[in-house]
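Only the coordinates and a few stated rules stand behind these numbers; no lab work does. As the structure is a prediction and not an experimental result, all values here were calculated from the model. Heads up, the Cβs are rebuilt from the backbone with ideal geometry, glycines too, and the neighbour counts pull from every protein chain shown.
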There are 2 protein chains.
Amino acid sequence: MKKVNIAEKLSLFKEYWRPRIVGELNDQYVKVAKVKGEFIRHKHDKEDELFLILKGSLEIKLRKQNVILNEGEFFIVPRGVEHKTVAKEETHILLFEPKTTLITGSTTSEVI
Amino acid sequence: MKKVNIAEKLSLFKEYWRPRIVGELNDQYVKVAKVKGEFIRHKHDKEDELFLILKGSLEIKLRKQNVILNEGEFFIVPRGVEHKTVAKEETHILLFEPKTTLITGSTTSEVI
C-alpha cells in the first residue's frame, strides 16, 4: 500500500500512446499516458473507458460527435463506441478502464 | 455523452464529506468531494476505494500506516482496510469506486 505521485510516474517514460499501469482496484486499472499526434480509430466491445486530462488538450473524435478535452476535464467513451484520439501538442492523460481492456484490441500495458 | 469539467462540478456544492457522482463506467462511479476536518473511521468489505487529490492535502490514517496525499497524488484503500480521513484545510478529491460502495455503510451519493 503506497501512494502514487502521478507526475513522478509520468517522468519515468517518454513514449507516446503507450499507457502505463499505475494502480489497480476492483478489477480496473488506473493508467497514465503521454500522447501527441493521432491514434487509430478503434473501439472496445465490452469496456467503457475514461480519459482525464492532466496536462494539455485531447480531441476525441466519435462517429457523430467530436469532444475537445482540456486540463481538468474527462470524458467516458462507452463500450462499443468507435473513437479516435488526437492531440496537437504533448498531452498527459489518466485512464480508468477494466483490466481486460486492450489498447487497440491486442496490446497490453506495462506496470510502472 | 458529455464531457465533465471537474472544477465546474465542484462549484455546484459546498458541503464537506458529501461526495457527488460525476461519472459512471463499468459499474464504477467517479465522484468528487470537498472535505475538511475528520471523517469517521470505517471500511468497505468488498470494495477498493481510490482517493485522488485535486486541491489541498488529505491524510489517510490506516491501522498500521498513515499516508499524506498532496495534489496530484492518489492512494487506493484496499477492501476490508479500516481508514480515517483527515484534512486540515478544505481539500478537493476525486473518488473512484464500485457503484455498490456506501459512504460509511449506509449513505448513498447524489448525481450532479
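Values for this structure:
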item	result
Against the rule of thumb 2.2 N^0.38 Å, how large the Cα Rg of the protein assembly as shown comes out	0.98
FRET efficiency estimate (nearest 0.05) - Cβ-Cβ, A:GLU71 to B:ASP45, R0 35 angstrom	0.45
Sequence of A:ILE93, A:ILE6 once ranked by neighbouring C-beta atoms within 10 Å, starting from the fewest	A:ILE6, A:ILE93
Theoretical FRET efficiency, 1/(1+(r/R0)^6), r = Cβ-Cβ of A:ARG18 and B:THR100, R0 30 Å, to 0.05	0.35
For B:ASN66, net neighbour charge (Lys/Arg +1, Asp/Glu -1) across residues whose Cβ lies under 15 Å away	+4
Alpha carbon centroid spacing (whole Å) that separates segment B:46-109 from segment A:67-101	24 Å
Among the listed pairs A:LYS64/A:LYS84; B:LYS34/B:LYS84; A:LYS9/B:LYS36; A:LYS31/A:LYS88; B:LYS64/B:LYS84, those beyond 19 Å (Cα-Cα)	A:LYS9/B:LYS36; A:LYS31/A:LYS88
Under 5 Å, built H, 5+ apart or other chain: amide partners of A:VAL81	A:HIS44
Violating pairs (Cα-Cα greater than 26 angstrom) within the set B:LYS3/B:LYS55; A:LYS99/B:LYS43; A:LYS99/B:LYS2; A:LYS14/A:LYS46; A:LYS43/B:LYS43	A:LYS14/A:LYS46; A:LYS43/B:LYS43
Compactness relative to 2.2 N^0.38 Å, alpha carbon Rg of segment B:6-111	0.97
